[in-house]
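Contents: one structure, followed by commentary.
The values are calculated or read from the model by the stated rules, or taken from the named source; none is laboratory data. Please read all numbers here as calculations on a predicted model, not as lab measurements. All Cβ positions, even for glycine, are placed from backbone atoms using ideal geometry, and neighbour counts span all protein chains on display. Accessible surface is based on the protein model in full, side chains and every heavy atom, while ligands, DNA and RNA are left aside. Shrake-Rupley method; radii C 1.70, N 1.55, O 1.52, S 1.80 Å.
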Amino acid sequence: MLTKKQHELLVFINDRIAQTGVSPSFDEMKDALGLRSKSGIHRLITALEERKFIRRLPNRARALEVLRIPDDLASAEPKAKPANFSPSVVDGGFSRRRGASPRKQPAARAGVSDLPVLGRIAAGTPIEAIQHEVDRVSAPDTLIGSGEHYILEVQGESMIDAGIHDGDYAIIKQCDDAGSGDIVVALVDDEEATLKRLRKKGASVALEAANPEFETRIYGPDRVAVQGKLVGLMRRYH
């Protein structure tokens, strides 16, 4: 799932290459998306490249190649551990395949709750995550506790040293605040969401990865909104 701006940029690049055979300039992309500076385009390009929607061709200026486009544009396109957190991981026993229609719900069972799956959450480059319900998954009550909960599918590897892997199902307790050191769903600039460890540093907020290949990102407090806190994980084994 792409954010609105990532989607718009990918479509613009794809259309321009199809029409002219040449990828657009950063200035053209900036104007097309109505952004004030090219730094936003750099960030969007990096996000699309990291998620393998595009790639930059080496030794060539203005050279971008579209590797794949979203399913809503071409459904036939091929799919190209810290001390303060120890995740409880259970085999979810999922029968659903990615992209499959929501399954019919079984009868309620003692000790199990059906939670809504609201899309994917990035453990890597931020992506749009909190969406409408796409499915429901049964989760053990021992992983839940009180309050409202939902599930997001983890995408990326920035939290692997915290035991959180690509494809895991993160059980999130809905809340709008968390303590320093908690792993949270953080909404950045009201647009992009990511799963990271929250660090409060004076007037700033740091979103910290658990993988040395990913950098810690620091924001002003008005740019980050907590959407929930990680309380458990479920994992599909093949």
Exclusive hit being at pLDDT 90 or above and either over 25 Å from K52 (Cα atoms) or touching a Gly at 6+ places or on another chain (Cβ under 9 Å) (or both), set D141, D114, D182: D182
All positions within the stretch 167-194 that are open to solvent by 50 Å² or more (accessible area, probe 1.4 Å) and farther than 15 Å from G119 by Cβ: K173, D176, D177, S180, D189, D190
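Yes or no, residue by residue, for (1) buried (at least 20 other Cβ atoms within 10 Å of the Cβ); (2) within 21 Å of G163 (Cα to Cα); (3) touching a helix residue (DSSP H, G or I) at 6+ places or on another chain (Cβ under 8 Å):
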{"position": "R197", "(1), (2), (3)": "yes, yes, yes"}
{"position": "K200", "(1), (2), (3)": "no, no, no"}
{"position": "S204", "(1), (2), (3)": "no, no, yes"}
{"position": "A210", "(1), (2), (3)": "yes, yes, yes"}
{"position": "E215", "(1), (2), (3)": "no, yes, no"}
{"position": "I218", "(1), (2), (3)": "no, no, no"}
{"position": "R223", "(1), (2), (3)": "no, no, no"}
{"position": "L230", "(1), (2), (3)": "yes, yes, no"}
Residue within the stretch 69-78 that is crowded, with 17+ Cβ neighbours inside 10 Å and modelled with pLDDT of 85 or more present: no
Residue check for I160: aliphatic (A, V, I, L, M) and open to solvent by less than 30 Å² (accessible area, probe 1.4 Å): no
Which numbered condition L44 misses (of (1) among the aliphatic types (A, V, I, L, M); (2) at pLDDT 80 or above; (3) touching a strand residue (DSSP E or B) at 6+ places or on another chain (Cβ under 7 Å)): (3)
Of all residues making up the stretch 153-169, the number that are under 20 Å from R199 (Cα atoms) and either in contact with a Pro (Cβ under 9 Å, 6 or more places away or on another chain) or hydroxyl-bearing (S, T, Y) (or both): 5
Some residue of the stretch 171-187 being part of a strand (DSSP E or B) and touching a Ser or Thr at 6+ places or on another chain (Cβ under 8 Å): yes
Residue tally, condition open to solvent by less than 60 Å² (accessible area, probe 1.4 Å) and of a type in the set (G, A, S), over the stretch 1-20: 0
